[in-house]
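Peer 1: Below you will find the structure I want to go over with you.
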């Protein structure tokens with residue numbers, strides 16, 4: 001046992017006392033003197049701090065080296081040294097900020113893409129699309145380094161996305177908008193973790209609910225025009241791998257006659273069809289769908305060719321890419337349909353673009369027009385609340401207005417009122 005009474009007094013460092021002593025081996029001739037410096041026994045520190053005593057090995061047999069260890073411990077507690085370290089850290093942070101300012105947006109995007117684990121062909125293509133869109137936007141704003149991007153600029157850009165936008169990279173449907181928000185957040189999360197920026201400018205960006213994007217239903221004539229355009233889609237395409245007319249018809253028929261969201265139609269498995277009965281679980285809510293299909297839908301599904309890159313139990317999905325990426329891939333094919341093969345007009349005779357979600361609206365409105373209650377339609381659409389159906393799936397198209405007008409006229413006549421129409 002070391003006799004601490006024989007240790008010399010030490011200089012107080014803040015509230016700590018730090019002293020060196022020698023832990024002699026049993027055979028050492030100086031074992032009764034803990035202050036003997038020149039033997040080859042282990043050196044240790046005695047630390048008295050906050051009313052507690054700690055013995056710390058200096059991990060050396062040299063008294064001089066033990067002094068260095070003791071000084072390090074004293075510096076840890078020295079207010080002057082603490083302040084000097086704080087100043088040094090602040091200066092280092094300032095220098096780091098200067099270094100961050102040199103990170104170009106292009107370089108940051110490329111590093112982020114390279115860091116992603118899923119580099120399958122579909123996702124790799126989506127990442128490159130993100131890169132082109134991000135760099136295009138930065139160029140339009142004159143942005144070069146990553147720290148120049150602010151929350152205000154991102155929010156402004158987010159507000160320019162629209163299916164009707166004229167700019168190629170702002171022409172984005174609801175599903176793609178949500179995926180783009182997700183990727184922007186992932187990108188800036190990576191950039192923030194790399195300490196290239198001090199704050200994340202994407203924190204306030206929020207996704208939209210595609211279900212709440214108002215579209216109008218198609219008339220029977222418009223739907224026939226859409227189906228006819230799918231045949232034109234394949235015209236002039238030599239390679240069978242580029243012909244997706246049959247696939248598009250099957251997808252549109254599923255949406256029109258079952259009211260499916262586009263993602264659920266795209267992920268519908270071949271095993272989910274038995275005879276004329278369809279069974280699936282929806283991607284968004286996990287609701288179970290069990291429906292009898294008309295023959296035209298079954299025939300359209302049976303006509304979808306099997307492709308070597310598509311999973312054996314799927315019509316349209318490889319099962320290797322994210323469902324959001326899948327929706328974007330097919331959204332590009334719908335865009336091609338609009339741009340090159342389809343020309344439809346709205347009820348006022350103005351040109352209109354076709355969106356796949358219109359078919360879900362068509363399904364709902366046709367049922368309502370034929371006397372189905374809003375509660376029944378809400379159940380078939382797998383809505384969790386009938387309020388969603390009332391707000392978004394009962395648009396007052398002209399056919400429904402005419403039906404209400406006819407009912408009103410019949411009512412007035414039934415109570416003896418004359419009506420000239």
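The values are calculated or read from the model by the stated rules, or taken from the named source; none is laboratory data. A quick note: this is a predicted structure, and the numbers were derived from the prediction, not measured. Cβ atoms come from the backbone with ideal geometry, glycine included; neighbour counts cover every protein chain shown.
Peer 1: Tell me, yes or no, whether the stretch 355-364 has at least one residue that is farther than 30 Å from residue 171 by Cα and in a helix (DSSP H, G or I).
Peer 2: Quick first cut of the stretch 355-364, residues farther than 30 Å from residue 171 by Cα only: none.
Within the stretch 355-364, none of the residues are farther than 30 Å from residue 171 by Cα and in a helix (DSSP H, G or I).
Peer 1: Something else now. If a residue must be in contact (Cβ under 8 Å) with a residue 12 or more places away in the chain, in a loop (DSSP other than H, G, I, E, B) and exposed (fewer than 15 other Cβ atoms within 10 Å of the Cβ), how many such residues does the stretch 145-184 contain?
Peer 2: 2
Peer 1: Whether any residue in the stretch 43-55 is in contact (Cβ under 8 Å) with a residue 40 or more places away in the chain and part of a helix (DSSP H, G or I) is what I want to check. Please lay out each step first, then the result.
Peer 2: Our first condition is that a residue be in contact (Cβ under 8 Å) with a residue 40 or more places away in the chain; within the stretch 43-55, this holds for 46.
Restricting the remaining residues to those that are part of a helix (DSSP H, G or I) gives none.
No; the residues of the stretch 43-55 include none that is in contact (Cβ under 8 Å) with a residue 40 or more places away in the chain and part of a helix (DSSP H, G or I).
For every residue, the table says whether it meets (1) more than 28 Å from the chain's Cα centre (by Cα); (2) modelled with pLDDT of 95 or more.
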{"residue": "247", "(1), (2)": "no, yes"}
{"residue": "263", "(1), (2)": "no, no"}
{"residue": "273", "(1), (2)": "yes, yes"}
{"residue": "283", "(1), (2)": "no, no"}
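Peer 1: Among the residues of the stretch 267-277, how many are touching a residue at least 24 places away in the same chain (Cβ under 8 Å) and either surrounded by fewer than 14 Cβ atoms within 10 Å (Cβ to Cβ) or more than 18 Å from residue 334 (Cβ to Cβ) (or both)? I'd like the intermediate steps shown before the answer.
Peer 2: Step one: filter the stretch 267-277 for residues touching a residue at least 24 places away in the same chain (Cβ under 8 Å), giving 267-271, 273.
Checking the rest, the ones that are also either surrounded by fewer than 14 Cβ atoms within 10 Å (Cβ to Cβ) or more than 18 Å from residue 334 (Cβ to Cβ) (or both) come to 269-271, 273.
Of the residues in that region, 4 qualify.
Peer 1: Please specify each residue of the stretch 223-266 satisfying the condition of being in contact with a strand residue (DSSP E or B) (Cβ under 6 Å, 6 or more places away or on another chain) and crowded, with 20+ Cβ neighbours inside 10 Å.
Peer 2: At the first step, the residues of the stretch 223-266 found to be in contact with a strand residue (DSSP E or B) (Cβ under 6 Å, 6 or more places away or on another chain) are 225, 258.
If the condition is that a residue be in contact with a strand residue (DSSP E or B) (Cβ under 6 Å, 6 or more places away or on another chain) and crowded, with 20+ Cβ neighbours inside 10 Å, then 258 is the only one that fits.
Peer 1: Would you confirm whether or not the stretch 325-339 contains a residue that is outside any helix (DSSP H, G or I) and either surrounded by fewer than 19 Cβ atoms within 10 Å (Cβ to Cβ) or within 19 Å of the chain's Cα centre (by Cα) (or both)? Let's see the steps before the verdict.
Peer 2: Step one: list which residues in the stretch 325-339 are outside any helix (DSSP H, G or I), which gives none.
No, the stretch 325-339 contains no residue that is outside any helix (DSSP H, G or I) and either surrounded by fewer than 19 Cβ atoms within 10 Å (Cβ to Cβ) or within 19 Å of the chain's Cα centre (by Cα) (or both).
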